[in-house]
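Asker: Provided herewith is a single structure, encoded as structure tokens, for subsequent inquiry.
We did not get these values from a lab; they are worked out from the coordinates using the rules stated. Since the structure is predicted, the reported quantities are computational estimates derived from the model, not experimental observations. Note that we place each Cβ from the backbone using ideal geometry, even for glycine, and neighbour counts take in every protein chain shown.
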Amino acid sequence: MILCCGEALIDMIPNADGAFVPHAGGAIFNTSIGLGRQGVDVGLLSGVSNDLFGQILDDALAASKVSTDHLIRSDRPTTLAFVKLVNGSASYAFYDENTAGRLLTPEDAPATLPDSVQALFFGGISLAVDPCAETYLDVLRRNAKGRLVMVDPNIRPQFIQNEVRYRTRLDQVLHLADVVKISDEDLDWIDTSDDDLATKAAKIIGMGPSLICVTLGAEGVQLFDASGLVATAKPTAVQVVDTVGAGDAFNAGFLTCLAKRNALTTAAIEAFDTETLQSILTFASAFATDTVTRAGSDPAWNFSV
């Protein structure tokens, strides 16, 4: 099983009349949905409310064949994210105070995970806000050994109340990661030097990860390992409806390829040749591109290139 660890929330997305309609979402939630729809054994570890929005999240997970065995339930409210779409690009206003997701503490989370969990995925806003951020870091520290770890920081500066604390936490997370997916903007936020992209990617690799995927928006994605740039993929031209969940779909596509190759170990990904890495990157990029052709985060079922 791949266990996705982080936020599950409700995206309030405007319809054609401007009215907001609730959609299950959140970066980590979206990645789990994408994996489930590809037939991958996946679960979600997250704080989920018992309220009506929490039921929407529950139902959406079940519909996409994502295990809910690791959900941590409470009567606190669900995080809401109101989405503004401009020319297909999304911006967000979050309502996250005192919510079921945000107020997770280390005592709420399992100290150890079952052996059936082969890989872990972390990232998103759940690494930016306390106390849940420290909870997820604790889960990672306790359970990273012997498991593949993928991380997508998905940095949202408006959530960062203490930048020094956040940077320290993110540094610890990256040191425990095997695969990092990051946008060029997030990479520049982490590394404020004048170094070029390849040099910045090499610095992340030097922290411990075996692979780093740097997404470049409409320019596609580049994949680096310890030797440097090893693969690139550019999206095909499509009619973009919106970009909600595109990066999450990429993560799901990448992990899907690893799962279907029985490659959820550090040794396995380090043994990949260039052709295999190119194939994985192409699939993940195509899966993300397909997702932007539909409103909201709605990854395809049983996608193929």
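Asker: Please verify whether Ile33 is within 24 Å of Pro14 (Cβ to Cβ) and of a type outside the set (Phe, Trp, Tyr), treating the condition exactly as stated.
Answerer: yes
Asker: Determine if the range 50-66 includes at least one residue that is part of a strand (DSSP E or B), surrounded by 18 or more Cβ atoms within 10 Å (Cβ to Cβ) and either of a type outside the set (Lys, Arg) or in contact with an Asp or Glu (Cβ under 7 Å, 6 or more places away or on another chain) (or both).
Answerer: Among the residues of the range 50-66, not one is part of a strand (DSSP E or B), surrounded by 18 or more Cβ atoms within 10 Å (Cβ to Cβ) and either of a type outside the set (Lys, Arg) or in contact with an Asp or Glu (Cβ under 7 Å, 6 or more places away or on another chain) (or both), which makes the answer no.
Asker: Does the range 173-185 contain any residue that is in contact with an Asp or Glu (Cβ under 8 Å, 6 or more places away or on another chain), free of Cβ contacts under 8 Å to residues at least 40 places away in the same chain and on the phi < 0 side of the Ramachandran plot?
Answerer: yes
Asker: Filter the range 1-45 down to the residues that are over 30 Å from Thr265 (Cβ atoms), more than 16 Å from the chain's Cα centre (by Cα) and among the acidic types (Asp, Glu) and list them by number.
Answerer: Scanning the range 1-45 gives a single hit, Asp17.
Asker: Identify all residues within the range 136-166 that are among the hydrophobic types (A, V, I, L, M, F, W, C), more than 30 Å from Leu264 (Cβ to Cβ) and in contact (Cβ under 8 Å) with a residue 12 or more places away in the chain; write none if there are none.
Answerer: Once the filter is applied, which keeps residues that are among the hydrophobic types (A, V, I, L, M, F, W, C), more than 30 Å from Leu264 (Cβ to Cβ) and in contact (Cβ under 8 Å) with a residue 12 or more places away in the chain, the range 136-166 yields only Ile160.
Asker: Could I ask something else about it? For Ala16, which of the numbered conditions (1) surrounded by fewer than 16 Cβ atoms within 10 Å (Cβ to Cβ); (2) in contact with a strand residue (DSSP E or B) (Cβ under 8 Å, 6 or more places away or on another chain) fails to hold?
Answerer: (2)
Asker: Can you spot a residue in the range 29-48 that is surrounded by 19 or more Cβ atoms within 10 Å (Cβ to Cβ), of a type in the set (A, V, I, L, M, F, W, C) and assigned to a loop (DSSP other than H, G, I, E, B)? Step through it out loud before you land on a result.
Answerer: Within the range 29-48, the subset surrounded by 19 or more Cβ atoms within 10 Å (Cβ to Cβ) is 29-38, 40, 42-48.
From the residues that got through so far, the ones that are of a type in the set (A, V, I, L, M, F, W, C) too are 29, 33, 35, 40, 42, 44-45, 48.
Cutting the leftovers down to assigned to a loop (DSSP other than H, G, I, E, B) gives us 40.
Yes; the residues of the range 29-48 include at least one that is surrounded by 19 or more Cβ atoms within 10 Å (Cβ to Cβ), of a type in the set (A, V, I, L, M, F, W, C) and assigned to a loop (DSSP other than H, G, I, E, B).
Asker: Of the residues that sit in the range 165-198 and are hydroxyl-bearing (Ser, Thr, Tyr) and assigned to a loop (DSSP other than H, G, I, E, B), which one is nearest to Phe122 (Cα to Cα)?
Answerer: The first filter runs over the range 165-198 and keeps only residues hydroxyl-bearing (Ser, Thr, Tyr), leaving 166, 168, 183, 192-193.
Add one more test, that the residue is assigned to a loop (DSSP other than H, G, I, E, B), and what stays is 192-193.
On the way: Thr192: 23, Ser193: 26 Å.
Step by step, filter the range 165-198, then rank; the result is Thr192.
Asker: List the residue pairs whose Cβ atoms are under 6 Å apart, where the first residue sits in the range 15-34 and is touching a residue at least 24 places away in the same chain (Cβ under 8 Å) and more than 19 Å from Val151 (Cβ to Cβ), the second is assigned to a strand (DSSP E or B) and among the charged types (D, E, K, R), and the two are 6 or more positions apart or on different chains.
Answerer: As it stands, the answer is His23/Asp11; Gly25/Asp11, since those pairs meet every condition given.
Asker: Same structure again: So which residues in the range 22-49 are in contact with a strand residue (DSSP E or B) (Cβ under 6 Å, 6 or more places away or on another chain) and more than 30 Å from Ser304 (Cα to Cα), if there are any at all?
Answerer: Gly47, Val48
Asker: Out of Ser227, Ser210, which single residue is touching a helix residue (DSSP H, G or I) at 6+ places or on another chain (Cβ under 9 Å) and small (Gly, Ala, Ser)?
Answerer: Ser210
Asker: What residue, of Pro106, Pro77, is farther than 29 Å from Leu264 by Cβ, surrounded by fewer than 22 Cβ atoms within 10 Å (Cβ to Cβ) and touching an Asp or Glu at 6+ places or on another chain (Cβ under 7 Å)?
Answerer: Step by step, each of Pro106, Pro77 is checked, and only Pro77 is farther than 29 Å from Leu264 by Cβ, surrounded by fewer than 22 Cβ atoms within 10 Å (Cβ to Cβ) and touching an Asp or Glu at 6+ places or on another chain (Cβ under 7 Å).
Asker: How many residues does the range 136-159 contain that are among the acidic types (Asp, Glu), surrounded by fewer than 22 Cβ atoms within 10 Å (Cβ to Cβ) and within 15 Å of Asp186 (Cβ to Cβ)? Give the derivation first.
Answerer: Step one: filter the range 136-159 for residues among the acidic types (Asp, Glu), giving 138, 152.
Retained after the next criterion (residues that are surrounded by fewer than 22 Cβ atoms within 10 Å (Cβ to Cβ)): 138.
Among the residues that remain, those that are also within 15 Å of Asp186 (Cβ to Cβ) are: none.
Residues flagged as among the acidic types (Asp, Glu), surrounded by fewer than 22 Cβ atoms within 10 Å (Cβ to Cβ) and within 15 Å of Asp186 (Cβ to Cβ) within the range 136-159 amount to 0.
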